[in-house]
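Before any comments, here is the structure.
The values are calculated or read from the model by the stated rules, or taken from the named source; none is laboratory data. Here the structure is a predicted model, which means the values were calculated and not measured. Cβ: placed from backbone, ideal geometry, glycine included. Neighbour counts: every protein chain shown. Heads up: the accessible areas ignore ligands, DNA and RNA and are worked out on the full protein's heavy atoms, side chains in. Shrake-Rupley method; radii C 1.70, N 1.55, O 1.52, S 1.80 Å.
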Amino acid sequence: MKKEIAFIFDLDGVIVDTAKYHFLAWHNLATSLGFEFTEKHNELLKGVSRVKSLEILLNIGNIELTEDEKQSMLIKKNEEYLEYVHQMTSEEILPGVLHLLDFLDEHQIKYALGSASKNAPLILEKVGLLKRFTALVDGNDVSKAKPNPEVFLIAAQKLKTAPENCIVVEDAIAGVEAAKLAKMTCVGIGNQQILNKADVVFKDMTGFSLEFLKKLINN
């Protein structure tokens, strides 16, 4: 008998790649403060909150700011990031995503978004995917960041599916850890060595073959 499964997707690095826009906004902020912010530096900000990211950036530039100045910088960075987001189109959906969503729709498998981004609804709307998701859990719904499993547990509730029947698709270590803490199956997207706690790892979203998906839903 088929198991009643549901999927929960992270957003950045899974559905779309907005990391490049975060990098551009942080890079421009660093330039305005008089120092260089590289892609290597940017690796330190992955999965980190906006406030913490600014602290890391200021540390790299060896710059001290007042709390008011920090708030001003955070607003400036977010406004620039949103300018990039507002220009997004369906062409920014990562390869393999639409194929997977079509398969889930065809087999009447529900899916939700589980992202820390408060801009998640806007991003999904811009790329034309907002109405396809059964449920949406974003940064406005959670108080604890990954690796805390809160975001995925709320998504499971909204999907009316037991956590052990949920399959999480994640590209970050903290997200994989959160999925496993929630007792969910986790498909990692990215580097096998980095995401080794995931149940299976694909290089990118095109890894979801028809054979793999059929095996998943018939288990």
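Quick check: the distance between the Cα centres of region 137-161 and region 1-62, to the nearest angstrom?
Measuring centre to centre over Cα atoms gives 20 Å.
Please compute the volume of the convex hull spanned by the alpha-carbon atoms of the chain and report it per residue in Å³.
Residue-normalised Cα hull volume stands at 117 Å³.
In whole Å, what three semi-axes, largest first, describe the equivalent ellipsoid of region 78-139 built from its Cα gyration tensor (square root of 5 times each eigenvalue)?
23, 14, 8
With an 8 Å cut-off on Cα pairs and a minimum separation of 6 or more residues, tell me the relative contact order of the chain in percent.
Result for the chain is 26 percent.
Taking amide hydrogens as modeled 1.01 Å from N in the peptide plane, which residues meet the under 5 Å criterion relative to residue 168, leaving out close sequence neighbours?
Residues meeting the criterion, in which the H sits 1.01 Å from N, are 8, 185, 186, 187.
How many Å² of accessible area per residue for region 96-172, probe 1.4 Å?
Heavy-atom accessible area per residue stands at 45 Å².
Show me, for region 178-184, the HN-Hα J-couplings you get by feeding each phi into the Karplus relation (A = 6.51, B = -1.76, C = 1.60, θ = phi - 60°), rounded to Hz, glycine and proline as x.
Calculated HN-Hα couplings, in order: 4, 4, 5, 5, 7, 6, 9 Hz.
Would you calculate the separation in nanometres between label points at residue 183 and residue 55, each defined as 7 Å from the Cα along the Cα-to-beta-carbon direction?
Label-label distance for residue 183 and residue 55, simple model: 3.4 nm.
Using every pair of alpha-carbon atoms in region 123-203, split the distances into 5 Å bins beginning at 0 and state the percent of pairs per bin, rounded to integers.
Answer for region 123-203: a P(r) of 3, 16, 23, 22, 21, 12, 2 percent.
Tell me the carbon and sulfur percent of the accessible area for region 66-172, rounded to whole percent, probe radius 1.4 Å.
C and S atoms contribute 50 percent here.
Students often get this wrong, so check it: of 20/203; 144/214; 20/126, which have C-alpha atoms separated by over 28 Å?
Table pairs above 28 Å Cα-Cα are 144/214.
Where the convex hull is taken over the Cα atoms of region 1-110, what is its projected area averaged over directions, in nm²?
9.0 nm²
Roughly how tilted is helix 150-159, in degrees to the nearest 10 and between 0 and 90, from the longest Cα axis of the chain?
Tilt relative to the chain: about 40 degrees.
With each run of n ≥ 4 DSSP H residues scored as -39500 (n - 2.57), what mean residue ellipticity at 222 nm is computed for the chain after dividing by its residue count and rounding to the nearest 500 deg cm²/dmol?
Taken over the chain, the calculation gives -13000 deg cm²/dmol.
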